[in-house]
Amino acid sequence: MGVREEVAAQAARLERDGRLSRCRDFIQHGDVSVYDHVVSVAEQSCRMADALARLGLRVDRDSLVRGALLHDYFLYDWHDPDPSHRLHGFRHPFFALANAERDFDLTPRERNVIVRHMFPLVPMPPTCREAWIVCVADKACALRETIAPRVAVLAGRCARGRRLRPERGGRR
């Protein structure tokens, strides 16, 4: 089974047994839903784990994938100006953990992945290999989701021969 199929199978179980499908209703970065983001993080985490396995470093694959899929299980629109969403970056790992614990039986590694994925913004470093992998994969995916669309716009402007910045007052 490939990475995509592995992640899709686990996501289907979490949708069936919990509320993961609600993550489709919320935007995470740019126009990427929380659901698409956590799937990307899970897939990237698996690829990273595969690379580490080639070096002889093993992980708990089920905890890695489940933790990655549940790391942003906060279940609200953090762009909404609701006061309870203030400081989302700092607080959402704890909301995600509370929701995940309510809906699923979690392993200690899954808890660690969920609550510590925002290191270093939240100054609690991961304490297991799986949590470190998801922490790094989350940053890589967030960067791709926020920067790639902007780079595409700039590349399009360059390809059409337009300047990146408009000229000011006709000066050169």
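The values are calculated or read from the model by the stated rules, or taken from the named source; none is laboratory data. If you're wondering where the values come from, they're calculated on a predicted model, not measured in any experiment. Cβ placement follows ideal geometry from the backbone for every residue including glycine, while neighbour counts extend to all protein chains displayed.
Pairs please, first residue from the range 79-108 and within 19 Å of His29 (Cβ to Cβ), second anywhere and of a type in the set (A, V, I, L, M) and in a helix (DSSP H, G or I), Cβ atoms under 6 Å, 6+ apart in sequence or on different chains.
Matching pairs, first to second residue: Pro93/Val115; Ala96/Ile114.
Which one of these is of a type in the set (Gly, Ala, Ser) and either touching a Lys or Arg at 6+ places or on another chain (Cβ under 8 Å) or touching a residue at least 40 places away in the same chain (Cβ under 8 Å) (or both): Ala155, Ala137?
Answer to the selection: Ala137.
Residues of the range 112-150 being surrounded by fewer than 21 Cβ atoms within 10 Å (Cβ to Cβ) and under 22 Å from Ser21 (Cβ atoms), which ones?
Those that are surrounded by fewer than 21 Cβ atoms within 10 Å (Cβ to Cβ) and under 22 Å from Ser21 (Cβ atoms): Ala142, Glu145.
Checking Arg129 against (1) without any contact (Cβ under 8 Å) to a residue 60 or more places away in the chain; (2) closer than 18 Å to Val41 by Cα, which single condition isn't satisfied?
The number of the failed condition is (1).
What number of residues in the range 1-54 are more than 17 Å from Ala142 (Cβ to Cβ) and of a type in the set (Val, Ile, Thr)?
Matching residues across the range 1-54 total 2.
Of all residues in the range 112-158, count the ones that are basic (Lys, Arg) and within 15 Å of the chain's Cα centre (by Cα).
3
Let's see how each residue does on (1) under 14 Å from the mean Cα position of the chain (by Cα); (2) surrounded by fewer than 21 Cβ atoms within 10 Å (Cβ to Cβ); (3) not in a helix (DSSP H, G or I):
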site	(1), (2), (3)
Met1	no, yes, yes
Ala9	no, yes, no
Ala12	no, yes, no
Cys23	yes, no, no
Asp36	yes, yes, no
Ala42	yes, no, no
Ser45	yes, no, no
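How many residues are farther than 20 Å from Phe95 by Cβ and at pLDDT below 95 if we restrict to the range 1-54?
The total comes to 3.
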